[in-house]
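All remarks here apply to the structure that follows.
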């Protein structure tokens with residue numbers, strides 16, 4: 001078992017890496033990414049695509065097919081592909097009590113927005129990017145509860161963004177039904 005000092009050291013390293021990556025220009029980020037991935041960039045792109053929900057995969061596929069036809073899909077001002085939302089589903093604002101725990105820590109906080117792919121949890125707890133979390137929450141007027149695992153993908157002074165890990169088909173179905181239920185309110 002790691003000591004608290006080791007966890008703190010790891011959290012500081014991750015935090016500093018996050019700051020550094022975000023402080024360099026996008027062109028430098030892309031060069032660094034290409035260097036880290038090596039020659040097999042297509043393999044890594046494919047892995048990211050596999051983790052997307054089917055509707056988003058279809059959207060990316062359509063846009064890639066347009067790119068192959070020679071049509072321009074680049075936003076010249078921003079230098080990126082237009083209309084590809086990398087989040088898994090649109091975020092819905094909410095107020096849901098959530099129990100979450102990490103190695104050596106647990107708390108009850110509030111989810112302030114949620115999608116099929118993740119949630120934003122308001123917390124003052126100092127968590128590190130990449131840290132694994134277990135989540136458990138129930139929703140009023142919805143007969144199913146959720147017990148999920150996730151990874152911290154965003155940290156700021158408001159809280160943490162958590163990407164859900166490997167949702168089963170049943171969990172995805174329940175999450176989509178819950179989000180559809182929220183739309184009806």
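The values are calculated or read from the model by the stated rules, or taken from the named source; none is laboratory data. Since the structure is predicted, the reported quantities are computational estimates derived from the model, not experimental observations. Using ideal geometry, Cβ is built from the backbone for each residue, glycine included, and neighbour counts are taken over all protein chains shown.
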Just the residues that are within 20 Å of residue 122 (Cα to Cα) and surrounded by fewer than 17 Cβ atoms within 10 Å (Cβ to Cβ), please, taken from the range 164-185.
165, 182
Reported set for the range 154-163 where residues are out of contact with any strand residue (DSSP E or B) (no Cβ under 7 Å at 6 or more places or on another chain), in a strand (DSSP E or B) and surrounded by fewer than 17 Cβ atoms within 10 Å (Cβ to Cβ) is 156
Of (1) under 30 Å from residue 172 (Cα atoms); (2) in a helix (DSSP H, G or I), residue 13 fails just (1)
Just need a number here: residues in the range 164-178 that are within 17 Å of residue 96 (Cβ to Cβ) and touching a strand residue (DSSP E or B) at 6+ places or on another chain (Cβ under 6 Å).
1
Please enumerate the residues belonging to the range 116-138 that are surrounded by fewer than 18 Cβ atoms within 10 Å (Cβ to Cβ) and more than 19 Å from residue 51 (Cβ to Cβ).
122, 123, 124, 125, 126, 134, 136, 138
Among the residues of the range 1-39, write down those that are exposed (fewer than 10 other Cβ atoms within 10 Å of the Cβ) and over 29 Å from residue 102 (Cα atoms).
25, 27, 35, 38, 39
Only listed residue being in contact with a helix residue (DSSP H, G or I) (Cβ under 8 Å, 6 or more places away or on another chain) and modelled with pLDDT of 75 or more, chosen from 60, 48
60
From 139, 82, 95, grab the single residue that is more than 12 Å from the chain's Cα centre (by Cα), over 28 Å from residue 14 (Cβ atoms) and at pLDDT 85 or above.
95
Counting only residues in the range 101-115 that are touching a strand residue (DSSP E or B) at 6+ places or on another chain (Cβ under 8 Å) and assigned to a loop (DSSP other than H, G, I, E, B), the one nearest to residue 53 (Cα to Cα) is identified as 115
